[in-house]
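Written below as structure tokens is the structure these notes are about.
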Amino acid sequence: MSFVKRLRWFFKDRWGSYVLAIGIMTLVSLLSTIPPNLIGRTVDNIRDGQLTSDGLTQTVLTLALLALFLYVMVYIWITTLFGNSALIEKVLRGKLLANLTRMTPAFFQRNSTGQLMALATNDVLAIGQTAGYGVMTLVNTLVGASVVIIMMISLVSYKLMIAALIPLPLLAVVISKLGNKVRTRFLDAQASFGKMNEHALESISGIRVIRSYVQENNDLVAFDHVTSEVMLKNKRVSILNAMFQPIISLIVGVSYSIGIGYGSYLVFQDEISLGQLISFNIYLGMLIWPMISFGEFINVLQRGSASADRLDSALTQNPDLQDSDKPVAVKVPSRIEMKQLTFTYPTASQPSLDNVSFQLERGQTLGIVGKTGSGKSTLLKQLLRQYPLDKDRLMIAGVPVEQITIDQMRRWIAYVPQEHLLLSKTIRENIALGKPNATSEEIARAVQMASFTEDIAQMPEGLETVVGENGVMLSGGQKQRLAIARALLVDSEILLLDDSLSAVDARTESRILHHIRLEREGKTTFITTHRLSAVSHADWILVLSEGRIIEEGTHEELMLFGGWYKEQWERQQMEASLEE
């Protein structure tokens, strides 16, 4: 069974609780066969005129005490079994999130957000149901049916039992065929659910754009189409699910008919007593739930197996980047060197960086400028180790980055991307994301360096102001400065600013850069920008075009070259003077 194979690690770890639950369920099934026998004997005693007051009192007390004991036993196995169900959901969600945090951008290009959300919600829930409800139905089917059948044979009549159970093989055949179809349709329904999640995420995150282009109705129509597809595919699953119980009820009804008809004949032939016939019909009624359980088990198992396959395919994917078997320890990134590096994105046909080389000593600042799409951000991403690189193309302190652990590389770096991720928490919590134990003084210092102090002072609750979903309460410039404060608080060896000053005015930019130069003396900084004033102080400047370096040098040297850099500088200076 593929489901058991994929989750054997969990069953192995929790075997004790499963043994306890199954043992108690077996005991409950055995004890549940006592009341029908007592009822049958009581009926025979009434018929024969042998029922006494003491005997009836004893029977009633026995049934009452047995019911109370069974209640306690059922409570114990339900809490034990379904506790495991909740636990495996927790463990699997934790494993999925841990695995997602290890993945590189290429993984998320192959798997949409909607599909990953479906894994963490519907699929994990289906697996949890199989590990709890599925085990319960399986035990009820095997143990419950076996105990009842044994009681039928030993206390009533084997001939009546065989006759009444003739329709059961047909039940197994029908349920097996339905189960295979349920699995196929359930996989299809889960895929459509992932697409619906993806559409909802895009609509919510892009609601401002949708409204600005007056596309609300069109988006609603498109979403209605997606949800209709989800509804249709889930209805196809529900149709099959709805067929289980009627088929089981039909077969049980046939069994009842045979049991009552043939059982009455045996009573007339004096082969069984009336009390035995009543007991047999109660036992036959007790077989209804195991039969239903069998259908439910097949249904739940098919869903759980399909979900386990989907989840396992995500969990077994390894990151494109792996640490070296023999990593080299580097204490400080004293020098960063790129040697003729060429890089192409996994889904691209043309390289985004072509033969790029530079060398930067610790404490220096590298400015990277160029047209939109020239490869500035791509160059910074190489330091973040998001994609595999050719060997010996990027060196840190003379050691190739592939020989340095990924965690070590990322501990050195504070990164401020173009698109800022802000949590729906307070400003303080967003700034302290990389250093949760930061003191108030440290946060205040980082805020001051990012020229964000005055803005915070004007907010209703200061640092405790909640920024809303992805910083909806903040302007573009405020988002950038919050992200810069977050990076400066970490005080990392390497600071990457990816066009992080585009939404602030020139004076604010100048103050922030001044603070960075003073506070980060002796530490390395990379700045990509379209505004050349942000890198005029840099120790070295690269000018990129279509992934290649077309100019490089200091600000003064580039101005002497008279190329693209000088033209852009003069144009931007003229625009700035006109604005003033």
Task: Criterion (buried (at least 22 other Cβ atoms within 10 Å of the Cβ), β-branched (Val, Ile, Thr) and at pLDDT below 80) met by exactly one of Ile298, Ile292, Ile288, Ile282 - done: Ile298
Open item on the list: Residue pairs, Cβ under 7 Å, 6 or more apart or interchain, first in the range 64-84 and of a type in the set (Phe, Trp, Tyr), second surrounded by 11 or more Cβ atoms within 10 Å (Cβ to Cβ). List them.
Closed with: Trp77/Ala21; Trp77/Ile24; Trp77/Met25; Phe82/Gly132
- [ ] Of the numbered conditions (1) at pLDDT 90 or above; (2) within 18 Å of Ala450 (Cα to Cα), Asp539 fails exactly one; give the number of that condition.
- [x] (2)
Open item on the list: Quick check on the range 254-279: of everything there that is aliphatic (A, V, I, L, M) and in a helix (DSSP H, G or I), which residue is surrounded by the most Cβ atoms within 10 Å (Cβ to Cβ)?
Closed with: Leu277
TODO: Could you look through the range 331-370, keep only residues that are more than 38 Å from the chain's Cα centre (by Cα) and part of a loop (DSSP other than H, G, I, E, B), and pick out the one that is farthest from Leu544 (Cα to Cα)?
DONE: Ser334
Task: Single residue of Gly553, Gly563 found to be modelled with pLDDT of 90 or more, more than 41 Å from the chain's Cα centre (by Cα), closer than 17 Å to Gly367 by Cα and not hydrophobic (A, V, I, L, M, F, W, C) - done: Gly553
TODO: Could you please tell me which pairs satisfy a Cβ distance under 8 Å, a separation of 6+ or placement on different chains, a first residue in the range 100-124 that is in the same structural domain as Leu7 (by TED's automatic domain parsing) and basic (Lys, Arg), and a second residue that is surrounded by fewer than 18 Cβ atoms within 10 Å (Cβ to Cβ) and part of a loop (DSSP other than H, G, I, E, B)?
DONE: Arg102/Pro319
Open item on the list: Tell me yes or no: at least one residue of the range 374-383 is surrounded by 17 or more Cβ atoms within 10 Å (Cβ to Cβ), assigned to a loop (DSSP other than H, G, I, E, B) and of a type outside the set (D, E, K, R).
Closed with: yes
Task: Residue ID - surrounded by the most Cβ atoms within 10 Å (Cβ to Cβ), chosen from residues in the range 330-349 that are without any contact (Cβ under 8 Å) to a residue 12 or more places away in the chain and of a type in the set (S, T, N, Q) - done: Thr344
TODO: Mind counting the residues in the range 312-329 that are surrounded by 15 or more Cβ atoms within 10 Å (Cβ to Cβ), aliphatic (A, V, I, L, M) and either in contact with a Ser or Thr (Cβ under 8 Å, 6 or more places away or on another chain) or at pLDDT 85 or above (or both)?
DONE: 2
- [ ] Having 1 or more residues that are crowded, with 18+ Cβ neighbours inside 10 Å and more than 19 Å from the chain's Cα centre (by Cα) is the bar; report the helices (runs of 4 or more DSSP H) wholly within the range 80-166 that clear it.
- [x] 135-139, 145-155, 158-164
Open item on the list: For the range 263-292, which positions are farther than 16 Å from Ile149 by Cβ, in contact (Cβ under 8 Å) with a residue 12 or more places away in the chain and not aliphatic (A, V, I, L, M)?
Closed with: Ser264, Glu271, Ser273, Gly275
Task: Options Trp569, Trp540; residue that is in contact with a strand residue (DSSP E or B) (Cβ under 6 Å, 6 or more places away or on another chain) and not polar (S, T, N, Q) - done: Trp540
TODO: Answer yes or no as to whether Ile527 is assigned to a helix (DSSP H, G or I) and closer than 22 Å to Ser334 by Cβ.
DONE: no
Task: Among the candidates Ala450, Ala485, residue that is within 32 Å of the chain's Cα centre (by Cα) and within 27 Å of Val332 (Cβ to Cβ) - done: Ala485
- [ ] Of the conditions (1) free of Cβ contacts under 8 Å to residues at least 12 places away in the same chain; (2) within 28 Å of Gln408 (Cα to Cα); (3) surrounded by 15 or more Cβ atoms within 10 Å (Cβ to Cβ), Lys566 clears all except one; give me its number.
- [x] (2)
TODO: At least 1 residues that are surrounded by fewer than 21 Cβ atoms within 10 Å (Cβ to Cβ) and in contact with an Asp or Glu (Cβ under 8 Å, 6 or more places away or on another chain) in each: list the helices (runs of 4 or more DSSP H) lying fully within the range 400-508 that qualify.
DONE: 406-412, 427-431, 476-490
TODO: Considering (1) in contact with a strand residue (DSSP E or B) (Cβ under 8 Å, 6 or more places away or on another chain); (2) modelled with pLDDT under 90, say which one Arg481 fails and leave the rest.
DONE: (1)
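The values are calculated or read from the model by the stated rules, or taken from the named source; none is laboratory data. Computed from a predicted structure; not experimentally measured. As a convention, Cβ positions derive from the backbone with ideal geometry for all residues, glycine included, and neighbour counts pool all protein chains shown.
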